[in-house]
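> Before we start, here is the structure in question, set down as structure tokens.
Read-outs throughout are calculated quantities, based only on the coordinates presented, and are distinct from any laboratory measurement. Treat the numbers as computed from the prediction; the structure is a model and nothing was measured. Quick reminder, even Gly has a Cβ in these numbers, built from the backbone with ideal geometry, and neighbours come from all protein chains shown.
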Amino acid sequence: MKMPIIFIHRGYASYMEFTLRQAVDFNPGHPIVLLGDRANDRFDFIQHYDLDSCSAAARDFAAIYRHHSTNSYHYELFCLQRWFILRDFMRQQQLECCFVGDTDVLYYDDFEYVRRAAGSDCHCGMLIYPERHAASAGVSFWTMPELEAFCNYCHEVYAHPDGLPRLLSRRGGDPNAGISDMDLARGYLDEYGATGVLNLADIIADRAIDVNFNTPHGGFDHEYQLTWLHRHKLITWQDRTPYCYNTRLNRNIRFSALHFQGPAKYAIGAYFRGRDFPGRKKLRLRFFFLNLAAAVYA
């Protein structure tokens, strides 16, 4: 069986109409799974599971979680709980590995290439930004043992009296510093090393995963060309495949995924390259006006 591609999301967001469909279109043969709830159990072309059925450990984690974020308590807590939900789902389904994607990411490739690139040496893949000493698991590849280790680390940070202060010290010692799941991902790499972790922000098999559509950053800072208004990456197309000019390498780089973070979510309709579906034109028109309003506001 091909590697499952798993999304974890509470509630319904209209951009999921595009991102889930495109994941299916570009990943034939892969099980596409949404760990969701009643509000988003509306897509008959994917496998939907109630995330509450694998949330026991996530609820236990909530009891020890301490909030240090400018984001809302419930938002940041769920960003961390999802890894426990994913781990318990993989245990239930006896999965050896999976690819995880945020629901605001459009996929333009078959992500089996990630498992091939990982081979037997890499047990995990995430977006790592060495110049900013940061990491993100929002788009990531996991084997079961590595996910078990990451969840154990996250639990230890909050359960042990020295865990959170030690993580805060890596942020410069500011007790008011924001702590997100990205900081936990970076802390995990600092504690256990990046050996065996594939950096998905690198150019792999002559293609890259976009870390943030709104910025020029990739695996290196300021390496991709922006539009003339500097609002987002300047994307060109070859058939249904997006490319962006890499100023460090002086050539176009193929993107296998674009991450529409924050208000860029309203641009998802314009960058959708999947098959047509009922209601698509109306939804794209709505996204067009929302994207225009977001640009004016910005």
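> Normalising by the residue count of the chain, find the relative contact order in percent from Cα pairs under 8 Å and 6+ residues apart.
In percent, rounded to a whole number, it is 18.
> Moving on to the next point. Rounded to the nearest whole Å³, what is the per residue volume of the convex hull around the Cα atoms of the chain?
Residue-normalised Cα hull volume stands at 138 Å³.
> Which order do the peptides 85-97, 212-224 come out in when sorted by mean C-beta neighbours inside 10 angstrom, highest first?
Result, highest mean first: 212-224, 85-97.
> Kindly work out what percent of the DSSP beta bridges joining two residues of the chain are antiparallel, to the nearest 5.
60 percent
> OK, next. When you count, for each residue, the other Cβ atoms within 10 Å and take the mean per peptide, how do 54-65, 227-238 rank with the highest first? Don't skip to the end; give the middle numbers.
Working: 54-65: 15.5, 227-238: 13.2.
Ranked from most to least packed, the peptides come out as 54-65, 227-238.
> Roughly how big is the stretch 187-298's charge dipole about its Cα centre, with Cβ charges of +1 (Lys, Arg) and -1 (Asp, Glu), in debye to the nearest 20?
Result for the stretch 187-298 is approximately 900 debye, rounded to the nearest 20.
> Which of the peptides 70-81, 15-26 is most tightly packed, and how do the rest follow, judged by the mean count of other Cβ atoms within 10 Å per residue?
Descending mean neighbour count gives 15-26, 70-81.
> At q = 0.15, 0.17, 0.20, 0.22 Å⁻¹, work out log10 I(q)/I(0) for the stretch 1-143 with the Debye formula, treating every Cα as an identical point scatterer and leaving solvent out; two decimals please.
One equal scatterer on each Cα of the stretch 1-143 leads to -0.81, -1.04, -1.40, -1.58.
> With all pairs of different alpha carbon atoms counted, what Kirkwood hydrodynamic radius in Å does the stretch 174-298 show?
16.6 Å
> Helix-only estimate, please: 222 nm mean residue ellipticity of the chain, summing -39500 (n - 2.57) across DSSP H runs of length 4 or more and dividing by its residues, to the nearest 500.
One gets -10500 deg cm²/dmol as the mean residue ellipticity at 222 nm.
> Sticking with this one: What's the local net charge at ASP50, with K and R +1, D and E -1, over the other residues with C-beta under 9 Å away?
-2
> Let me ask another. What lysines does LYS265 reach when the alpha-carbon gap must be under 18 Å and sequence neighbours fewer than 8 apart in one chain are set aside?
Those lysines meeting the cut-off are LYS233, LYS281, LYS282.
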